[in-house]
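K.L.:
Okay, here's the structure, questions in a sec.
The values are calculated or read from the model by the stated rules, or taken from the named source; none is laboratory data. Owing to the predicted nature of the structure, the values given are computational and were not obtained by experimental measurement. In this analysis, Cβ positions are derived from the backbone assuming ideal geometry, glycine residues included, and neighbour counts consider all displayed protein chains. We work out accessible area using only protein heavy atoms, side chains counted, and drop any ligands, DNA or RNA first. Shrake-Rupley method; radii C 1.70, N 1.55, O 1.52, S 1.80 Å.
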Amino acid sequence: MLGTAPKYTIAELEKKFPPRDLPVGAMVTRFAPSPTGFMHIGNLYGALIDYKLAQQSGGVFMLRIEDTDTKREVVGAVDVVKNAMRRFGFEYNNDEKYGPYYQSQRKDIYRSVAAELLRNGRAYPCFLTADDMEKIRSEQSAAGFATGIYGEFARDRDIAPDEIIKHLDNGEVPSIRLYSTGNPNARIFCKDAVRGSIGFPENNEDLVLIKSNDGLPTYHFAHLCDDHFMRTTHVVRGEEWLPSLPLHYQLFRMMEWTPPVYIHTATLDKIDEDTGKQRKMSKRKDPECNVAFFLENGWPTDAVIEYLGNILASGYEEAKLKGVVKNFWEYEMKPKKIPMSGGLFDMKKLEWWAKEYIGAMTVPDLVRAVTDWAKEYGDDKQKMQVADLEYLTAVLAIERDNPKRVRKDFITWKQTLELVEFFWDDLFVPNREYKYNTDVLNAFLETFDIADDKDTWWNKIVEIANRFGIKNGDVAMDLRVALSGRTNTPDLYSIMQVMGKARVTQRIKATL
RNA sequence: GGUCCCAUCGUCUAGCGGUCAGGACAUCGGAUUCUCAUUCCGGUAACAUGGGUUCGAUUCCCAUUGGGACUGCCA
């Protein structure tokens, strides 16, 4: 029925993948995405929990590719995942002893376990076609029954051996279904690490274990085999898996294996701009739910981690503010404290984390981060901005010398470069709307000396203001707009120092 | 329809029977010898509703309402 004889017995598999030799309390986790070519921010959130749990407990974090859906295969999809892991600093340890880590390469294992189930009557070959099932489903819903292949609706549940041979001779390939003995009137209690014990009706559906079209396992069966033999201790997954928890308990119980600890995470939501209502982040409508969005727009990956980390361990923020820990990796999260109610993804708060993060960087680190980003993702303008490292450094160093009073207007690498565009002559946009006081500008030019220290420089401005009977600020504003084209800028003195004498006089003269 | 999950300021949350219901973001004021930003100070703002249990409920139980998930040979 499985085409070939099983490669292993259960005992052989147990020996091949022995329990891990790890200290007590060490958690073994895995990030197990299906390679769709798109990584959702929710995936990253889950992976962060996995990685963090393993990291803080001295355990193992694995990356397992769930490529059992041949129909949804996307080329390059695995690279998207691996790139994200690297960018966000999630180091996985795929010890080959417990591999392979592509489910498509683990057929031997699934088939061996399935063979055992077939042998002891816990599973059976099912020759129902898609049409058959569609018919069953419509009849069930018409009659008001629950849909699915179960009990009397499971035609091949007790199929006779000669019937099987007949189908096989006919060239039909069966799927392998669970022979469920669950009683829907009885209750099974399952455990979720944050929600506690949850009662469900026992599962009576003969779910597919091995698909007929490609011989690959369904998620449920792969989860059973992989997380058992990879010796996963903690399974972190989205709450959409909660309803299949009784099935998974049933599967593990049937094999007499110990199920892992389950942690079901709430989905990240957002407010729909059109309806004003809360909803799940969607791939199509919300670019910011794509991890690639954060990379392409130059969000500091560590700030994204800090933000997500604070969501999943709400005490982190306070610990950091108090100086108890320096970053999220130093903070010990508690699995029980992972929020179970859906959270809104708050871009404003992410921005705050990003501002704080960049504000705490040294100038050389900031320059490097911005430069690296521009080289990979920037446009021609941005690449030009990072070409002269010395000038870029001077620009980004403005008002960063006093650690207690660092500017916090940089949010992303991209936005940082946009904010300082006026420092480059090619990108500078003169302000033609502003009504300049040319007398003031001329007066400034007369006494301007780039070598002046800040006090001398300021006293000259005060002197001009007095002479024209206007406020100091008005003089400064004329200069500010002439130099930057903007009414809001960092410290004027610093700007002039960075721009240099020639550029300052040239820009002022150009407005006269 | 059935099953399951969830519910404290606008947002994320602390709380685990007795608190002036705390913090952070956002927001609104005020101060900081040039705008903006920063920094500091201060303010507005929440226990969805109805029943119980209890001397006492944000907290425990049950309904209701609201939000969400699942109900595929997708994960």
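K.L.:
Using 7 Å Cα-to-Cβ label points, what is the A:A510/A:A146 separation (nm, one decimal)?
P.N.:
Spacing of the two 7 Å Cα→Cβ label points: 7.3 nm.
K.L.:
Would you work out if the range A:114-232 is rounded, prolate or oblate? Take a ≥ b ≥ c from the square roots of the eigenvalues of the alpha-carbon gyration tensor; rounded if a/c is under 1.5, else prolate when a/b is larger than b/c, oblate otherwise.
P.N.:
Working: a/c = 2.04, a/b = 1.28, b/c = 1.59.
The shape class here is oblate.
K.L.:
In addition: Average projected area of the Cα convex hull of the range A:293-432, in nm²? Before the final figure, lay out each step's value.
P.N.:
Numbers: hull surface 41.5 nm².
Average projection, Cα convex hull of the range A:293-432: 10.4 nm².
K.L.:
Please report the net charge: other residues with Cβ closer than 11 Å to the Cβ of A:D425, K and R +1, D and E -1. Write out the running numbers ahead of the final one.
P.N.:
Numbers: positive: A:R503, A:R507; negative: A:E421, A:D426.
Around A:D425, the charge tally is 0.
K.L.:
Continuing with this model, one more query. Once both labels are modelled 7 Å past Cα along the beta-carbon direction, what's the A:E318-A:Y434 spacing in nm?
P.N.:
Spacing of the two 7 Å Cα→Cβ label points: 4.6 nm.
K.L.:
What nm distance separates the two modelled labels at A:K326 and A:T487, each placed 7 Å from Cα along Cα→Cβ?
P.N.:
Result for the modelled spin labels: 4.4 nm.
K.L.:
Roughly how much of A:M254 is accessible, in Å² to the nearest 10, using a 1.4 Å probe?
P.N.:
Surface accessible to solvent at A:M254 totals approximately 30 Å².
K.L.:
Could you state the accessible area per residue of chain A in Å², with a 1.4 Å probe and every protein chain left in place? All intermediate terms of the calculation are to be shown ahead of the outcome.
P.N.:
Values: 25270 Å² over 512 residues.
Result: 49 Å² of accessible area for each residue.
K.L.:
Quick one: the Cα spread of the range A:363-511 along its three principal axes, in angstroms, biggest first?
P.N.:
51, 34, 24
K.L.:
For chain A, find the longest principal axis of its Cα atoms and tell me its angle to the long axis of helix A:219-229, 0 to 90°, nearest 10.
P.N.:
Once rounded, one gets 90 degrees.
K.L.:
Next question, about the same structure. At most 11 other Cβ atoms within 10 Å and a DSSP loop assignment: could you name the GluC sites (Glu not before Pro) in the range A:396-443 that fit? List each step's numbers first, then the result.
P.N.:
Values: sites: A:E399, A:E418, A:E421, A:E433; in loops: A:E399, A:E433.
Answer in residue order: A:E433.
K.L.:
Rg and Dmax of the range A:17-79 over Cα atoms: what are they, in angstrom?
P.N.:
Cα only, the range A:17-79: 13.9, 41 Å (Rg, Dmax).
K.L.:
To one decimal place, what Kirkwood hydrodynamic radius in Å is obtained for chain A from all pairs of distinct Cα atoms?
P.N.:
On the way: mean 1/r = 0.0363 Å⁻¹.
The answer is 27.5 Å.
K.L.:
While we're here: Stretch A:I198-A:A387 to full length: gain in nm at 0.36 nm per residue minus the Cα-Cα span?
P.N.:
Working: separation 189, 0.36 × 189 = 68.04 nm, distance 5.91 nm.
Full-extension gain reported as 62.1 nm.
K.L.:
If you bin the C-alpha pair distances of the range A:336-418 every 10 Å from 0, what whole percents do you get?
P.N.:
With a bin width of 10 Å, the distribution comes to 17, 42, 25, 12, 5, 0.
K.L.:
Next up: The range A:150-192 to the range A:305-347: how many Å between their Cα centroids?
P.N.:
First find each Cα centre; the distance between them is then 45 Å.
K.L.:
Which order do A:E91, A:E330 take by accessible area at a 1.4 Å probe, largest first? Present the calculation step by step, with values, prior to reporting the outcome.
P.N.:
Working: A:E91 140, A:E330 95 Å².
Per-residue accessible area, sorted high to low, gives A:E91, A:E330.
K.L.:
What value, in deg cm²/dmol to 500, does the helix sum -39500 (n - 2.57) over DSSP H runs of n ≥ 4 give at 222 nm once divided by the residues of chain A? Mind showing how you got there, number by number?
P.N.:
Numbers: 20 runs with 225 residues, N = 512.
That comes out to -13500 deg cm²/dmol.
K.L.:
Let me ask you something else. Among the DSSP beta bridges whose two residues both lie in chain A, what percent are antiparallel, rounded to the nearest 5? Spell out each step's value before the answer.
P.N.:
On the way: 18 of 30 bridges.
Taking every DSSP beta bridge within chain A, about 60 percent pair in antiparallel fashion.
K.L.:
For the cross-link pairs A:K349/A:K414; A:K355/A:K404; A:K349/A:K375; A:K348/A:K414, which exceed 24 Å when the distance is taken from alpha carbon to alpha carbon? All intermediate terms of the calculation are to be shown ahead of the outcome.
P.N.:
Working: A:K349/A:K414 18 Å; A:K355/A:K404 14 Å; A:K349/A:K375 28 Å; A:K348/A:K414 17 Å.
Correct reply: A:K349/A:K375.
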